[in-house]
1. Let me confirm something: among L92, L35, L88, L46, which residue is at pLDDT below 90, closer than 20 Å to Q129 by Cβ and within 29 Å of the chain's Cα centre (by Cα)?
2. Could you please tell me which pairs satisfy a Cβ distance under 9 Å, a separation of 6+ or placement on different chains, a first residue in segment 136-148 that is surrounded by fewer than 15 Cβ atoms within 10 Å (Cβ to Cβ), and a second residue that is hydrophobic (A, V, I, L, M, F, W, C)?
3. Scan segment 1-33 for residues that are within 30 Å of M195 (Cβ to Cβ) and touching an Asp or Glu at 6+ places or on another chain (Cβ under 7 Å) and report the count.
4. Any idea which residue in segment 66-125 is surrounded by the most Cβ atoms within 10 Å (Cβ to Cβ), counting only those that are in a helix (DSSP H, G or I) and polar (S, T, N, Q)?
5. State which residue pairs qualify: first residue under 20 Å from C273 (Cβ atoms) and inside segment 100-128, second residue of a type in the set (S, T, N, Q) and buried (at least 23 other Cβ atoms within 10 Å of the Cβ) in any location, beta carbons under 8 Å apart, and separation of 6 or more residues or different chains.
6. Just a yes or no: is a residue in segment 260-272 part of a loop (DSSP other than H, G, I, E, B), among the polar types (S, T, N, Q) and more than 23 Å from L12 (Cβ to Cβ)?
7. Determine which single condition V241 fails, assuming it passes every other condition in (1) farther than 25 Å from A348 by Cα; (2) of a type outside the set (S, T, Y); (3) surrounded by fewer than 14 Cβ atoms within 10 Å (Cβ to Cβ).
8. Of Q129, Q154, which residue is of a type in the set (S, T, N, Q), outside any loop (DSSP other than H, G, I, E, B) and surrounded by fewer than 19 Cβ atoms within 10 Å (Cβ to Cβ)?
Amino acid sequence: MASATYFWSNALNAFLFNQGPMTPTLLDITMITGLDVTSSANPMSLNTKNQFDFRAKSIGGWSGYVAAYMGKGSVTPREHTAFLLMWLEKFLFCGLSCGPTTNGQFLAEALETKKQIPLGKILLGYLYQMLSNASAKIATGSVVGAGGPWWLLQTWLNLVVIKVVNWPPLIDAEFPRLEPTTNDDGKEVTHHRCMLYGEAASTPADSRAKLSAELLKDWFCSFYEGFQKDARVWFPYEDSVNFDLPADFRFEDINSKKFDKSREVFSAAISPCILPVGIHQGRNIQVSYEFYYPMSSARQFGMGQLPIGLFFADKIQCRGEISSTLMMDRLLNIPGPPLGSIENIELARFMSRNFDRWWGEWKQHIFHQSTSKYMTDLFPDVIPQTTWIWRVGPPEIFLEMTYHRPRSSGCFGETSNI
């Protein structure tokens, strides 16, 4: 995660790796989490007066929160909302507080009442914002904060590098059960077959590996120099038929008139859109948005890569402040580009000559220095200047690592603003 963040472009919202631009997409959100990416509801319209009163401060952390709001017997709407609030803050968005907060209570109450919320878009927006902030911190030598869905980035990267690290096929991965069971032979069973890509990709063989300067150097060089062609994974979902989830999206049903949901999800994933961020209650929280540019990494959808176009660049300000529900409504309703006919979609990965020529020119500019130059800057003998504090969850593991940002200009700091 630390190495990859150096390659993030704040303009494209994509990683500029040597092999080509790559980014977490709404398709990845669907396949990893199964969250809603098609609902068109304006999240700001849900920010009304809270139905329940929850205390988050001076409650004794998450253990005290659970003890205070977990009841007995049938689950009440209040208890369900309290659980959803903890799930959003502790396991999904992983906020800066690292403890109980009511900032996302209106989202929890909306979920409890089964309102349709584009939670997948909100999550991806937070991931983009987190990477944008981290990239800006690196450029100025500032401390990179721990808050944000780093777990999602790690899970996505696990899919991208699975062939590089030679992990076994994901269809063979197992995920821990909530409670052990006993099979027909009387043996205790503690794991089950993974039902979702998110389960499979979150259980790598070296998940307990500690951060080190050597690992950071190796991954930085891999991203900078490019993976071997036979180790590159553009479309990691070729075995999706072997997974049970997500139930409402199957690649084999994209062209079926019987299953409209699969086509709806895929259409949303390949369409540029606005991703809301800052959708929280509380002081000092500014509602904003991120741009979603799926055509920057079309090969990740199993499609051909054409020259990249920034659809919103000449229409609205980048990462502007949103002061009202009406403003957000107008943004969310900006007409997207025509997709043309998608009546008979076929998965076929290729690069057009125009894109190949464009990326070849950019590669000469971005990767003109030798990796040894950056290794000298990243790992000097003097006192390092940049500190990363990682929070990986769930489960929560706090790891700290210190290293120096590159001092050279003309590469990643400037590239993030192309």
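1. Exactly one residue qualifies, and that residue is L46.
2. Here the result reads V143/W388; V143/I389; G145/L96; G145/M130; G145/A134; G145/I389, each pair linking segment 136-148 to a residue that is hydrophobic (A, V, I, L, M, F, W, C).
3. The total comes to 1.
4. Restricting to residues being in a helix (DSSP H, G or I) and polar (S, T, N, Q), the top hit is Q105.
5. Close Cβ pairs satisfying both conditions: G120/T30; L124/T25; Y128/N13.
6. no
7. Only one criterion is unmet by V241, namely (1).
8. Of Q129, Q154, the one residue that is of a type in the set (S, T, N, Q), outside any loop (DSSP other than H, G, I, E, B) and surrounded by fewer than 19 Cβ atoms within 10 Å (Cβ to Cβ) is Q154.
The values are calculated or read from the model by the stated rules, or taken from the named source; none is laboratory data. Since we're looking at a predicted model, the values are computed, not measured. Neighbour counts are summed over all protein chains in view; Cβ atoms, including those assigned to glycine, are modelled from backbone coordinates with ideal geometry.
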